[in-house]
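Here's the structure we're looking at; comments come further down.
No value in this document is a laboratory result; all are computed from the given coordinates. Here the structure is a predicted model, which is why all the values come from computation and not from measurement. Cβ coordinates were reconstructed from backbone atoms using ideal geometry, including for glycine residues, and neighbour counts include every protein chain displayed.
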Amino acid sequence: MDINYQGFDGSNIGDGVAQDLGFGLNLGTYYDLSNGISLGAVYKSEIDMEYKNQLSRATQPFVDFGIFPKAMDDHLEQPAQIGVGIGYELNNHIFAFDYKQVKWSDAKGYKDFGWDDQDVYALGYQYKADKWRARLGYNYAKHPISEAQSGPAVIPAGSYAQAGGNALNLFNLLGFPATSEEHYTIGGGYEFTDNFYIDLAYVYAPKTTTSMNTIVGLNPKTGDMYTGESTVEHSESSLSFQLSYRFY
């Protein structure tokens with residue numbers, strides 16, 4: 001991770017790249033109901049990561065200006081997830097529906113930014129013929145960022161989601177633009193042998209537009225407070241491939 005930006009006085013805020021190694025636990029179960037219907041459930045534990053001098057240094061200028069009550073901790077936790085799914089196989093066709101909840105509101109770092117839990121709904125389809133596989137997928141989840149309180153009202157300190165709402169909104173929009181809500185996927189696979197195969201996938205997230213209050217100031221002529229919005233447009237595309245070998 002490397003958080004780097006220009007400070008209020010024009011100086012560079014940042015401490016270079018930081019990295020960490022973390023471990024988590026994945027638990028799952030699967031049950032075949034016969035007649036082509038199967039059920040599954042999964043739990044993924046949180047993974048605690050510490051990125052030295054990243055969040056703490058990035059938020060310290062906002063403490064110096066009295067916007068945040070204190071600098072944020074450098075821990076950023078990959079959130080826990082729970083999920084269930086159902087699948088149906090008919091000849092060469094497989095249909096699947098999954099639901100999972102991503103526990104952002106309990107994850108270190110993200111909960112300080114006021115992120116909400118996400119309910120993710122996914123549909124998938126696979127067609128198989130001999131050694132080939134063709135796949136389509138779609139998922140939807142409302143993005144986890146809520147606009148923090150901001151503006152001329154005096155907001156009591158106590159949490160980052162309340163104190164310095166404008167600055168918090170700026171961090172969420174520009175520093176962590178997790179505003180995508182839909183993902184479309186297309187992919188396929190090929191089995192070279194019974195043990196060796198390749199999978200390819202393309203993921204596209206359509207553009208989203210999100211606006212939040214990020215500016216607050218005092219009009220020197222009238223003495224009135226004013227606010228201003230920032231708008232972020234965000235889309236994603238990714239291409240991946242995987243080579244796998246079965247040892248049996």
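Computed quantities for the displayed model
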item: Normalised contact order of the chain, rounded percent, pairs of Cα under 8 Å and 6 or more residues apart; result: 12
item: Added length on full extension, which subtracts the Cα-Cα distance from 0.36 nm per residue, Ser180 to Tyr125; result: 17.6 nm
item: Cβ crowding within 10 Å averaged over residues, with 231-239, 43-51 ranked highest first; result: 43-51, 231-239
item: Cut-off 11 Å between beta-carbons: net charge of the residues surrounding Lys128, Lys and Arg +1, Asp and Glu -1; result: 0
item: Cα-projected label distance for Glu229 with Tyr248, points at 7 Å along beta-carbon direction, nm; result: 5.5
item: GNM flexibility winner over the chain from Leu168, Leu27, Leu136 (Cα, springs under 10 Å); result: Leu27
item: Gain in span if fully extended, Phe196 to Asn26, counting 0.36 nm per residue against the direct Cα distance; result: 58.7 nm
item: Loop trypsin sites (Lys or Arg not before Pro), segment 51-105 (other Cβ atoms within 10 Å of the site Cβ: 11 or fewer; DSSP); result: none
item: Calculated FRET efficiency for the pair Ser240/Asn35, C-beta based, R₀ 45 Å, to 0.05; result: 0.85
item: Sequence-distant residues sharing a close amide H with Gly7 (under 5 Å, placed H); result: Asn12, Ile13
item: Long-range HN-HN contacts of Lys52 with modeled amide H, under 5 Å; result: Gln19
item: Net +/- balance of residues flanking Gly189 in space, Cβ distance below 10 Å, scoring K and R +1, D and E -1; result: +2
item: Listed residue pairs exceeding 19 Å between alpha carbons, taken from Lys70/Lys108; Lys111/Lys207; Lys100/Lys142; Lys142/Lys207; Lys70/Lys111; Lys111/Lys142; result: Lys111/Lys207
item: Between helix 55-64 and the chain: long-axis angle, C-alpha atoms, 0 to 90°, nearest 10; result: 20
item: In Hz, Karplus ³J(HN,Hα) per residue of segment 176-186 (6.51, -1.76, 1.60; θ = phi - 60°; x = Gly, Pro); result: 9, x, 8, 10, 5, 10, 10, 9, 10, 10, 9
